[in-house]
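Student: Quick one: structure below, then a few questions.
The values are calculated or read from the model by the stated rules, or taken from the named source; none is laboratory data. A quick note: this is a predicted structure, and the numbers were derived from the prediction, not measured. Cβ: placed from backbone, ideal geometry, glycine included. Neighbour counts: every protein chain shown.
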Amino acid sequence: MFMDPFFRYLKGGATASAFSTGLLLMQSCTSLPLPDYDAIQAELNQTHPHLEQALTDLRLSGVPGERDAEANALQALLAEPLSPAAAQQIALLNSPVITSALAEFGIANAREMQASMLSNPGLFAGAMRPEGGGRWQLDLGVSQSLLDWLTRPMRMQLSREALLEAQWHLLQVLQVNLDNVLQDYYHALADLQRAEVVRINLDAALATDELARLMFEAGNISELERLQHAGELQRRQRQLWQTEAAALQSRLSLKQSLGLPANAQLLLVNALPELPEQNINFAAEILLESSLARRPEVRISEQRLLQSEQQLALSRRYSLLQQSEFSLHSEREFSGAENYGVGLGFGLPLFDQGQARRQLAESGIASAQAQQLLTVQQIDKQINQSLAAVNASYLQTRQLQDVEIPQYTQILALGLQEYNFMLLDTFSLLRLKQQQLEVQLAHVDSLAAYWLARSALAAATGETFMHPDVINGIPQTDSQPQEHQHHD
């Protein structure tokens, strides 16, 4: 009797039992290995060499029971002033998003193993006794899908390609999250630095308002002038509240990216990295060529195209074998005689001829080709936009740093000289100070825009030269009373 689409082997006695046992042991001896992170480690070490490789290997080791070592490493990182590399390292060790991505790769690894397995064979046994008594007729056998045997090499290849795509997807998640950490880090530093400049400006406004009050009471200025100075003080106070709120929000975003609770203590430097002496000088075409060799999105689109092509080949090759079987028969009669036979069966392709499967694979190829082109175009756009932002913000920051800030510093010094000789009134001197602080605030904004654009360009290209190696500044903690606005 045929059991479509199974391969059935029936044999009486110990031979069938041994064959059945052998097939079962072949399947049961297959164990599930730990996910292989070697390729991901190698790529991550190339794109983020500033990360400590030992901690990266610890996070990606896949060995259970390493949480204590990770916790110790995290505590050591949090004890030092936070640098861009340290922030990314903390996220790699602690971020739930990255933990989830690593678990998803473990799921993909299990699916790859499952796809390479044959379906479990069926073991059956039967016995019949003649009506009048006598010897029993014994039947033993194993059934196994013939299609599983024929398509196993192709399925294993497809599953390996799917696992490779999962590896690139994990690398993409890692890089995107590490790049987002860098963006949040620069936002937090910039907002803290803005708040400091605005606070100094508020102090100048407080001094101006107090002077205006005293002069108004002495009858030296009009009520209009008094109210104008009071309005300026109120505007500066609102500006400080806004910048402090923005600083708090950016610090909370940074902590979330690092996988830390909102009340966690962070050591942050008080200034953004200094502007490099020279701007990066690369053509967009060169960066695009390098990016296409590094970006995981490109590799993912290539893998999907390859999988679609292999799926089409599989559907064409085995479309008529969806219902097929090969069988060997052996049975022992009541009389002790043994009968042998073979059988070969195929499903009649009257209704399902595999057209839908082939069309599905062909559409998958067309979709993968279009997605590949779209990915290249998006990367090209990101590189050109980020490169333009880097160049514009560098020029602006350089002008503010080398020309405007020294110029307003000199103006303030000259104004102080005139004030000492009673050639300039106090209000005019305080206005010069406020103008200097406005230029410093513009410098903070421009410098932040530069580092944010540079980190975006690093994310677009995957190039390591985009990351600063040294962060200058004095560490500040949430517990310092003079920096009460840093409390979370």
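Student: Would you mind finding the one in Q396, Q417 that is at pLDDT below 95, in a helix (DSSP H, G or I) and more than 22 Å from E210 (Cα to Cα)?
Tutor: Numbers: Q396 fails: at pLDDT below 95.
None of the other options fit; the residue is Q417.
Student: Can you find a residue in the range 205-218 that is farther than 23 Å from L447 by Cα, out of contact with any Pro (no Cβ under 9 Å at 6 or more places or on another chain) and either outside any helix (DSSP H, G or I) or aromatic (F, W, Y) (or both)?
Tutor: Looking only at the range 205-218, we keep the residues that are farther than 23 Å from L447 by Cα, and these are 205-218.
Applying the additional criterion that residues be out of contact with any Pro (no Cβ under 9 Å at 6 or more places or on another chain) yields 205-218.
Restricting the remaining residues to those that are either outside any helix (DSSP H, G or I) or aromatic (F, W, Y) (or both) gives 216, 218.
Scanning the range 205-218, I find at least one residue that is farther than 23 Å from L447 by Cα, out of contact with any Pro (no Cβ under 9 Å at 6 or more places or on another chain) and either outside any helix (DSSP H, G or I) or aromatic (F, W, Y) (or both), so the answer is yes.
Student: From S290, S301, which residue is surrounded by fewer than 18 Cβ atoms within 10 Å (Cβ to Cβ) and hydroxyl-bearing (S, T, Y)? Steps first, please.
Tutor: On the way: S301 fails: surrounded by fewer than 18 Cβ atoms within 10 Å (Cβ to Cβ).
After applying the criteria, what remains is S290.
Student: Next up: Say whether the condition of being among the polar types (S, T, N, Q), surrounded by 15 or more Cβ atoms within 10 Å (Cβ to Cβ), closer than 30 Å to L164 by Cβ and in contact (Cβ under 8 Å) with a residue 40 or more places away in the chain is met by at least one residue in the range 270-287. Reasoning before the result, please.
Tutor: Pass one, the range 270-287, residues among the polar types (S, T, N, Q): 270, 278-279, 281.
Then keep just the ones that are surrounded by 15 or more Cβ atoms within 10 Å (Cβ to Cβ); that gives 270, 279.
Restricting the remaining residues to those that are closer than 30 Å to L164 by Cβ gives none.
No.
Student: Something else about it: Looking only at residues in the range 139-153 that are aliphatic (A, V, I, L, M) and at pLDDT below 70, which one is surrounded by the most Cβ atoms within 10 Å (Cβ to Cβ)?
Tutor: Residues of the range 139-153 aliphatic (A, V, I, L, M): 140, 142, 146-147, 150.
Narrowing further to those that are at pLDDT below 70: 140, 142, 146-147.
On the way: L140: 24, V142: 22, L146: 21, L147: 19.
Among them, the one singled out is L140.
Student: Just checking, which of L252, L268, L275, L287 is at pLDDT 80 or above and in contact with a strand residue (DSSP E or B) (Cβ under 6 Å, 6 or more places away or on another chain)?
Tutor: Working: L252 fails: in contact with a strand residue (DSSP E or B) (Cβ under 6 Å, 6 or more places away or on another chain); L275 fails: in contact with a strand residue (DSSP E or B) (Cβ under 6 Å, 6 or more places away or on another chain); L287 fails: in contact with a strand residue (DSSP E or B) (Cβ under 6 Å, 6 or more places away or on another chain).
Selected residue: L268, the only one of L252, L268, L275, L287 that is at pLDDT 80 or above and in contact with a strand residue (DSSP E or B) (Cβ under 6 Å, 6 or more places away or on another chain).
Student: Further question: Go through the range 224-259 and report how many residues are in contact (Cβ under 8 Å) with a residue 24 or more places away in the chain and acidic (D, E).
Tutor: So the count comes out to 2.
So that you can scan it fast, the table gives a plain yes or no per residue for (1) buried (at least 16 other Cβ atoms within 10 Å of the Cβ); (2) at pLDDT 95 or above; (3) over 21 Å from N263 (Cα atoms):
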| position | (1), (2), (3) |
| --- | --- |
| W168 | yes, no, yes |
| V181 | yes, no, no |
| D191 | yes, yes, no |
| L214 | no, no, yes |
| Q228 | no, no, yes |
| A246 | yes, yes, no |
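Student: Right, next: Only one of (1) modelled with pLDDT under 75; (2) touching a helix residue (DSSP H, G or I) at 6+ places or on another chain (Cβ under 7 Å) is not met by L344, so which one is it?
Tutor: L344 satisfies all of (1) modelled with pLDDT under 75; (2) touching a helix residue (DSSP H, G or I) at 6+ places or on another chain (Cβ under 7 Å) except (2).
Okay, residues lined up against (1) over 26 Å from the mean Cα position of the chain (by Cα); (2) under 18 Å from A162 (Cβ atoms); (3) part of a loop (DSSP other than H, G, I, E, B); (4) at pLDDT 75 or above:
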| residue | (1), (2), (3), (4) |
| --- | --- |
| Q311 | yes, yes, no, no |
| S315 | yes, yes, no, no |
| S335 | yes, no, yes, no |
| I365 | yes, yes, no, yes |
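Student: Would you be able to tell me the number of residues in the range 261-286 that are of a type in the set (A, V, I, L, M) and either part of a helix (DSSP H, G or I) or in contact with a Ser or Thr (Cβ under 9 Å, 6 or more places away or on another chain) (or both)?
Tutor: Narrowing the range 261-286 to residues of a type in the set (A, V, I, L, M): 262, 264, 266-269, 271-272, 275, 280, 283-284, 286.
Restricting the remaining residues to those that are either part of a helix (DSSP H, G or I) or in contact with a Ser or Thr (Cβ under 9 Å, 6 or more places away or on another chain) (or both) gives 266-269, 275, 284, 286.
The total comes to 7.
Student: Could you say whether any residue in the range 66-88 is in a loop (DSSP other than H, G, I, E, B), buried (at least 20 other Cβ atoms within 10 Å of the Cβ) and either at pLDDT below 85 or among the hydrophobic types (A, V, I, L, M, F, W, C) (or both)?
Tutor: no
Conditions tested, residue by residue: (1) within 30 Å of Q237 (Cα to Cα); (2) surrounded by 15 or more Cβ atoms within 10 Å (Cβ to Cβ); (3) of a type in the set (V, I, T).
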site: A361; (1), (2), (3): no, yes, no
site: G364; (1), (2), (3): no, yes, no
site: D380; (1), (2), (3): no, yes, no
site: I383; (1), (2), (3): no, yes, yes
site: P406; (1), (2), (3): yes, no, no
site: Q417; (1), (2), (3): yes, no, no
site: S428; (1), (2), (3): yes, no, no
site: Q436; (1), (2), (3): yes, yes, no
site: S455; (1), (2), (3): no, yes, no
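Student: Quick test of your reading of the structure: D191 fulfils all but one of (1) in contact with a Phe, Trp or Tyr (Cβ under 8 Å, 6 or more places away or on another chain); (2) under 30 Å from E274 (Cβ atoms). Name the failing condition by number.
Tutor: In the conditions (1) in contact with a Phe, Trp or Tyr (Cβ under 8 Å, 6 or more places away or on another chain); (2) under 30 Å from E274 (Cβ atoms), D191 misses (1) alone.
Student: While we're on this one: Which of the residues that make up the range 38-51 are free of Cβ contacts under 8 Å to residues at least 40 places away in the same chain and over 14 Å from L92 (Cα atoms)? I'd like the intermediate steps shown before the answer.
Tutor: Of the residues in the range 38-51, the ones free of Cβ contacts under 8 Å to residues at least 40 places away in the same chain are 38, 41-42, 45.
Result: D38, A42.
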